[in-house]
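Trainee: Following this message is one structure expressed as structure tokens.
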Amino acid sequence: MFGCIFLPRFRLQAALRWHDVRGPAVVVNETTLKGIVAEASEAAAAQGIVAGMTSAQAMARIRGLVIRSRSPAQEQCLNQILVQTALALSPDVELCCDGACIADLCCVRKGTCWQQLADEQVAHLRTHGLSAVMGVAPTPDLAFLAARGARPSAVIYDPGAFANSLPIETLEPPEEFLRILHGWGIRRVGEFLALPKMETIERLGPIAETLRRKVSGRNKRLLRLVRLMPEYTEAFDFDCEIETIEPLLFLLRRFLNGLCGRLRTVYRVAQRMVLRLPLENGDCHDRAFSIPAPTADVEVLFRILHTHLENLKLPQRPVSVRLSLQAVAPTRDQLQLFESALRDPNRFGETLAKLKAFLGNEHVGVPARSNTHRPDSYVLQECFPMPKQKREDTRVPLESLRGLPLRRFRPAISTLVCVQEGRPISVKSSAVRGVIRSCAGPYRLSGNWWDCECWQQEEWDVALAKGGLYRLSRHDTTWNIEGCYET
Amino acid sequence: MQSHDSRLIQLEALRSLVAEKFPRSPRRCNGRLLTGCRPFDQKGGFLQGAITEVCGSGAGGSLLLAAMVNAAGRDGFFIGFIDAANSFEPSDWADEHLRRILWVMCGAAAPAIKAADILLRDGNLPVVVLDLQMLPAAQLRRIPVSTWHRFQRVLEPTGTVFVVLSPNPLVESVPVRMAIHTDVSLEAMHLPRAALWEHFQVQVFERGAAPLALLQKSA
């Protein structure tokens, strides 16, 4: 058997997904100035609005008609949800058109009630806010036809009886072909199938055979399999620019509810989150969040976003929002039941986010030496992924390190230095002054001689007579106090 | 594969449930952290869940941080280092040491106190070091006394070792205060760091007491 999950009025559902619209509504293609109606809701269709009308004509027919433009981002999201739902049933899935997905149900356990299976899928998609229908039939094409007529699910056991009752228009024949059939008085598929096969093909051409195959219960064509990596993305375009954080948070929580539900369905957790806020001037605010302990917990993910947003200042107002999750399998390196690398890695991640929001990204991190001898060169690494706690001893013997660590003045303090016989003998600055009792140096450093960022300096370690160990540096004739070892 | 993943997710759910049903009760932690550095270990190490103030020599503070990072490498934990004056110099440290340090650059006393508050409330890092040694005395005097009492209350349930490096006695009613004195000279710059402790003397004072010399200096 094959199952087809179908989203009726796909474009309209996509455009209205995050809106609370109860009255008649239409979705329009904005490729032309007039705005052509692409799909109309049931209430709008009942009042005579059909696809192809201009939006002005539609508004003339219904007062208070809600008009939305198509949302390609949302349409993509819905297709992803549809494919993912179908992949939960079978690995062999075809996305036959926007909003329709066919799955080969040969892998489903024997004895499964098809009706119950279809109802479950419809109910599952309802949890994502989607109105879906599903048809189950012996062939892919019949399943698609069954789904289009299902309310909300239909199982076809007798293909012949099902096909006979269908209007001939459901096969979507070419217009010329349909006109000929209507001229012959043929209105139902059954009447078309009753015509002699060879003579029909001789008169109408190969299209007649194609249509026959569509409704044949024995034509199990090969599916055009979908092998897409499932994306976990939600997006929303605001009607007007937003100025406060509340609507954004409200939407993000709804996004996370849906996305985490999808992750849990396939036993995955989120490892990375990407938030994108397109601004009214065309720029984008992008921020990627690494999740310290990958999870599908809505609260944890929402707190990370909330912490970031409450401290965020944007130069322009956002016009839309997009949230993507990167899914991974749950971690396998299990420690003991109540033991993990950090006590609560996700809480630590939030703490780091708070610190970075408070002090700036460039002021918090794990330090590392940069690949140069240039003084005061370092890099701050992203704090995650933190290395796992291992019990092996990673101590560096203190014997391998010599001397006192420097405490650097940032910026260095400019100073006057008296020099005698090439050695500094006294120092005088706003912070430090005194006679130099002893000194060590000079330690000459240079680098980047091969490019325009060439640098060189001379360093001295000095001990003042009144106490205190300092590092002095000289660039040409300029002296600076770089830092101190002991004050 | 999926059944294995589902079991892991169930395990995570169980962990959350247990953590929710049986939250850790606040308790006073009496453990001590031994750094492997004899002058401090002989005095009993650093109290967990309490503030330890280390005042006096700036070089002593740097060496103490080195000893703590070495202990972090030994026991596999991380250290939060709140650098109030942005004076930490990574090039003087080994890569293995640097990997154990979360460096928080603040630039002044007020943000350093706020950063310490955030890190201590988190409770994930077993050791947090607040370095105030390079700050001017005027900034240090503006830190409200109540700050330290608040930190003490925050620390008690977490068992974090919180070390405040200061030039002079600063933390009121601190459980343990250590004073480091030194006569280190330029010759010491060629000695291994482990051997440098021979040039330092460490005194320990219980319950807020302070060495007279340092009190006179701060006055």
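The values are calculated or read from the model by the stated rules, or taken from the named source; none is laboratory data. Every value quoted in this text rests on a predicted model; they were computed, and no experiment measured them. We place every Cβ from the backbone using ideal geometry, glycine too, and count neighbours over all the protein chains shown.
Trainee: Residues in region B:78-95 that are within 8 Å of another protein chain (Cβ to nearest Cβ) and in a strand (DSSP E or B): how many?
Mentor: Total meeting the criteria: 1.
Trainee: If you don't mind, another one. Taking only region A:34-46 into account, find how many residues are surrounded by 15 or more Cβ atoms within 10 Å (Cβ to Cβ) and over 22 Å from residue A:7 (Cβ atoms).
Mentor: Residues that pass the stated criteria total 1.
Trainee: Follow-up question, since we're still on this one. Residue by residue through region A:241-259, note down the ones that are free of Cβ contacts under 8 Å to residues at least 12 places away in the same chain and either part of a loop (DSSP other than H, G, I, E, B) or in contact with a helix residue (DSSP H, G or I) (Cβ under 9 Å, 6 or more places away or on another chain) (or both).
Mentor: The initial filter retains those residues of region A:241-259 that are free of Cβ contacts under 8 Å to residues at least 12 places away in the same chain, namely A:244, A:246-247, A:250.
The answer is A:244, and nothing else.
Trainee: For residue B:75, state whether it is touching a helix residue (DSSP H, G or I) at 6+ places or on another chain (Cβ under 8 Å) and within 10 Å of another protein chain (Cβ to nearest Cβ).
Mentor: In short, no.
Trainee: Answer with yes or no whether residue B:177 is outside any helix (DSSP H, G or I), modelled with pLDDT of 85 or more and more than 14 Å from chain A (Cβ to nearest Cβ).
Mentor: Taking the combined requirement at face value, the residue satisfies it.
Trainee: Give me a count of the residues in region A:444-478 that are of a type outside the set (Gly, Ala, Ser), out of contact with any Lys or Arg (no Cβ under 9 Å at 6 or more places or on another chain) and in contact (Cβ under 8 Å) with a residue 12 or more places away in the chain.
Mentor: The total comes to 7.
Trainee: Can you tell me which residues in region A:32-42 are assigned to a loop (DSSP other than H, G, I, E, B) and either within 14 Å of residue A:71 (Cβ to Cβ) or modelled with pLDDT of 85 or more (or both)?
Mentor: Once the filter is applied, which keeps residues that are assigned to a loop (DSSP other than H, G, I, E, B) and either within 14 Å of residue A:71 (Cβ to Cβ) or modelled with pLDDT of 85 or more (or both), region A:32-42 yields only A:41.
Trainee: Can you name the residue in region A:242-253 that is surrounded by fewer than 15 Cβ atoms within 10 Å (Cβ to Cβ) and of a type in the set (D, E, K, R) and is also farthest from the other protein chains (Cβ to nearest Cβ) among such residues?
Mentor: Initial filter on region A:242-253 (surrounded by fewer than 15 Cβ atoms within 10 Å (Cβ to Cβ)): A:243-247, A:250.
Of the ones still in play, those that are also of a type in the set (D, E, K, R) are A:243, A:246.
Values: A:243: 28, A:246: 24 Å.
Checked region A:242-253; the qualifying residue farthest from the other protein chains (Cβ to nearest Cβ) is A:243.
Trainee: Follow-up question, since we're still on this one. Looking at (1) touching a residue at least 24 places away in the same chain (Cβ under 8 Å); (2) touching a Cys at 6+ places or on another chain (Cβ under 9 Å), which is the only condition residue A:426 fails?
Mentor: Evaluating residue A:426 over (1) touching a residue at least 24 places away in the same chain (Cβ under 8 Å); (2) touching a Cys at 6+ places or on another chain (Cβ under 9 Å) leaves (1) as the failure.
Trainee: Just a yes or no: is a residue in region B:22-32 within 30 Å of residue A:329 (Cβ to Cβ), outside any helix (DSSP H, G or I) and at pLDDT 85 or above?
Mentor: Looking for residues that are within 30 Å of residue A:329 (Cβ to Cβ), outside any helix (DSSP H, G or I) and at pLDDT 85 or above, one finds none in region B:22-32, hence no.
Trainee: Which of the residues that make up region B:96-118 are outside any loop (DSSP other than H, G, I, E, B) and facing chain A (nearest Cβ under 7 Å)? Step through it out loud before you land on a result.
Mentor: Filtering region B:96-118 for residues outside any loop (DSSP other than H, G, I, E, B) gives B:96-98, B:101-105, B:109-118.
Selection gives B:96, B:97, B:98, B:101, B:102, B:103, B:104, B:105, B:111, B:114, B:115, B:118.
Trainee: Counting only residues that are more than 24 Å from residue B:179 (Cα to Cα), buried (at least 24 other Cβ atoms within 10 Å of the Cβ) and touching a residue at least 24 places away in the same chain (Cβ under 8 Å), how many does region B:102-123 have?
Mentor: 4
Trainee: Pick from region A:439-487 the residues that are of a type in the set (A, V, I, L, M), under 53 Å from the mean Cα position of the chain (by Cα) and crowded, with 16+ Cβ neighbours inside 10 Å: which of them is nearest to residue A:373 (Cα to Cα)?
Mentor: A:472
Trainee: Residue by residue through region A:350-360, note down the ones that are without any contact (Cβ under 8 Å) to a residue 60 or more places away in the chain and within 30 Å of residue B:16 (Cβ to Cβ).
Mentor: A:350, A:351, A:352, A:354, A:355, A:356, A:357, A:358
Trainee: Let me ask something else about it. Could you check, for region B:157-169, whether at least one of its residues is surrounded by fewer than 21 Cβ atoms within 10 Å (Cβ to Cβ), away from chain A (no Cβ under 14 Å) and either in contact (Cβ under 8 Å) with a residue 24 or more places away in the chain or within 17 Å of the chain's Cα centre (by Cα) (or both)?
Mentor: No: zero hits.
Trainee: If you scan region A:259-287, which residues turn out to be surrounded by fewer than 19 Cβ atoms within 10 Å (Cβ to Cβ) and closer than 21 Å to residue A:127 by Cα?
Mentor: Listed by number, the residues that qualify are A:261, A:264, A:265, A:266.
Trainee: How many residues does region A:209-240 contain that are without any contact (Cβ under 8 Å) to a residue 24 or more places away in the chain and touching a helix residue (DSSP H, G or I) at 6+ places or on another chain (Cβ under 6 Å)?
Mentor: 1
Trainee: Still on this structure: Counting only residues that are buried (at least 19 other Cβ atoms within 10 Å of the Cβ) and farther than 18 Å from residue B:78 by Cα, how many does region A:357-374 have?
Mentor: Summing the residues that are buried (at least 19 other Cβ atoms within 10 Å of the Cβ) and farther than 18 Å from residue B:78 by Cα in region A:357-374 gives 1.
Trainee: Is there a residue in region A:172-190 that is within 24 Å of residue A:86 (Cα to Cα) and assigned to a helix (DSSP H, G or I)?
Mentor: Within region A:172-190 (the criterion being within 24 Å of residue A:86 (Cα to Cα) and assigned to a helix (DSSP H, G or I)), the answer is no, since none of the residues qualifies.
Trainee: Suppose the filter is closer than 26 Å to residue B:86 by Cα and over 48 Å from the mean Cα position of the chain (by Cα); does residue A:427 pass it? Explain how you work it out, then say what you get.
Mentor: On the way: closer than 26 Å to residue B:86 by Cα: yes; over 48 Å from the mean Cα position of the chain (by Cα): yes.
Spelling it out, residue A:427 is indeed closer than 26 Å to residue B:86 by Cα and over 48 Å from the mean Cα position of the chain (by Cα).
Trainee: Just checking, how many residues over region B:39-63 are within 11 Å of another protein chain (Cβ to nearest Cβ) and either out of contact with any Phe, Trp or Tyr (no Cβ under 6 Å at 6 or more places or on another chain) or part of a loop (DSSP other than H, G, I, E, B) (or both)? Break it down stepwise before answering.
Mentor: Keep residues of region B:39-63 that are within 11 Å of another protein chain (Cβ to nearest Cβ), which gives B:56-63.
Next, from what is left, pick out any that are either out of contact with any Phe, Trp or Tyr (no Cβ under 6 Å at 6 or more places or on another chain) or part of a loop (DSSP other than H, G, I, E, B) (or both): B:56-58, B:61-63.
The number of residues fulfilling the criteria is 6.
Trainee: For region A:355-396, which residues satisfy the criterion of being more than 37 Å from the chain's Cα centre (by Cα) and either at pLDDT 75 or above or not in a loop (DSSP other than H, G, I, E, B) (or both)?
Mentor: Matches in region A:355-396: A:372, A:373, A:374, A:375, A:376.
Trainee: A further question follows. Of the residues that make up region A:71-82, is at least one in contact with a strand residue (DSSP E or B) (Cβ under 7 Å, 6 or more places away or on another chain), farther than 22 Å from residue A:256 by Cα and part of a loop (DSSP other than H, G, I, E, B)?
Mentor: No, region A:71-82 has no match at all.
Trainee: Somewhere in region A:260-281, is a residue among the hydrophobic types (A, V, I, L, M, F, W, C), touching a residue at least 60 places away in the same chain (Cβ under 8 Å) and farther than 29 Å from residue A:101 by Cβ?
Mentor: Within region A:260-281, none of the residues are among the hydrophobic types (A, V, I, L, M, F, W, C), touching a residue at least 60 places away in the same chain (Cβ under 8 Å) and farther than 29 Å from residue A:101 by Cβ.
Trainee: Could you figure out which of (1) in a strand (DSSP E or B); (2) farther than 19 Å from residue A:105 by Cβ isn't true of residue A:202?
Mentor: All conditions pass for residue A:202, except number (1).
Trainee: Determine which member of the set A:173, A:152, A:159 is on the phi < 0 side of the Ramachandran plot and either at pLDDT 85 or above or among the aromatic types (Phe, Trp, Tyr) (or both).
Mentor: Just a single option satisfies the conditions, and that option is A:152.
Trainee: Now a separate question. Of all residues in region A:267-310, which are assigned to a strand (DSSP E or B) and under 24 Å from residue A:88 (Cβ atoms)?
Mentor: In the first step, residues of region A:267-310 are kept if they are assigned to a strand (DSSP E or B); the result is A:269-279, A:284-295.
Matches in region A:267-310: A:269, A:270, A:271, A:272, A:273, A:291, A:294, A:295.
Trainee: From the residues in region B:119-151 that are in a helix (DSSP H, G or I) and within 13 Å of the chain's Cα centre (by Cα), which one is farthest from residue A:365 (Cα to Cα)?
Mentor: My answer is B:151.
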